[in-house]
Amino acid sequence: MEGPTEGDVVASSRPSVAWGLGHVGVGWVVGLIATVAAVGLVVAIAGDETAEDPSLAVGALIQGALYVGLVGVPAWLVMVRGVRWADFGWAGPGRGGRWRDAWQGLMIGVVAQVAVIPAIYLPILLLTDDLDISGPARELVDRADGVGIALLVLMVVVLAPMAEELFFRGMALRALEARMARRLALVASAAFFGLTHFQFLQLPALVMIGLVCGWLAQRDGRLGRAVWAHVGFNATTIVILLAG
């Protein structure tokens, strides 16, 4: 009688999750459809110019529409399929562990922004000085004043890390790990995260932070440090641009 093959052993060692890549695809498509619908609503109410150069409030509406899919599908799995939030890694250790997640994650995110990003783009910057990596973020900051700054922080520093870590690291990464080796799943999830932002110039930075947050999620088995690293990464960008 033959024993299990090497392929059987590898497959059996992969984590089993109650969702698959199809659910990930549905979440992303639903988010895109909701975003397009939100843009259409803005055009219908306020005209093309408002949609092309949206205020922070309009931008928040459009970004929130994307989360209909990114957060909506995990929420549906929890409410209808009996999946637990902890299955996505949305769980943490005791109080001391949560504080440790916070300061370690923030530090990792800040270092990634101020040290790793310049190193990634240095070869390109040596060839050309006509490179505005922070363009999209600067456009947001330029529109912010007073209450707008609070809305900007809510959008970029709070909501984006929580929703994106839940979807890309909690849901997508774990679905990929169930189908392939951990390292390959990590790279695939980071590439997916970067490409779905549709920002070619910022793609290396997005893939890098996707790798960092994915590695943290894999190492910890939960999303705590990954979320805080994402917070630190985004917050550092906002602080630098506001200070400038």
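Every number here is computed from the coordinates shown, using simple stated rules; none is lab data. On a predicted model such as this, the values are computed, not experimentally measured, just so you know. Counting neighbours? That spans all protein chains shown, and the Cβs are built from the backbone with ideal geometry, glycine included.
Observations on the model:
- Helix axis angle, 203-220 relative to the chain longest principal axis, alpha carbon, degrees: 40 degrees
- Model label points for LEU242 and ALA57, set 7 angstrom from Cα along the Cα-to-Cβ axis, are 2.1 nm apart.
- Angle in degrees between helix 21-46 and the longest Cα principal axis of the chain, rounded to the nearest 10: 20 degrees
- The sum of -39500 (n - 2.57) across all DSSP H runs of n ≥ 4, divided by the residue count of the chain, sets its helix-only mean residue ellipticity at 222 nm to -21500 deg cm²/dmol.
- Once C-alpha pairs closer than 8 Å and six or more residues apart are averaged by separation and normalised to the residue number of the chain, the relative contact order reads 30 percent.
- Crossing angle, helix 117-127 versus the chain [Cα axis fit, 0-90 degrees, rounded to tens]: 60 degrees
- Three-way shape label, the chain, alpha-carbon gyration tensor, a/c 1.5: prolate
- Exposed chymotrypsin sites (Phe, Trp or Tyr not before Pro) absent - longest run of the chain, DSSP non-H/G/I/E/B, at most 13 other C-beta within 10 Å: 1-197
- Least to most buried among SER16, SER55, SER189 (fewest other Cβ within 10 Å first): SER16, SER55, SER189
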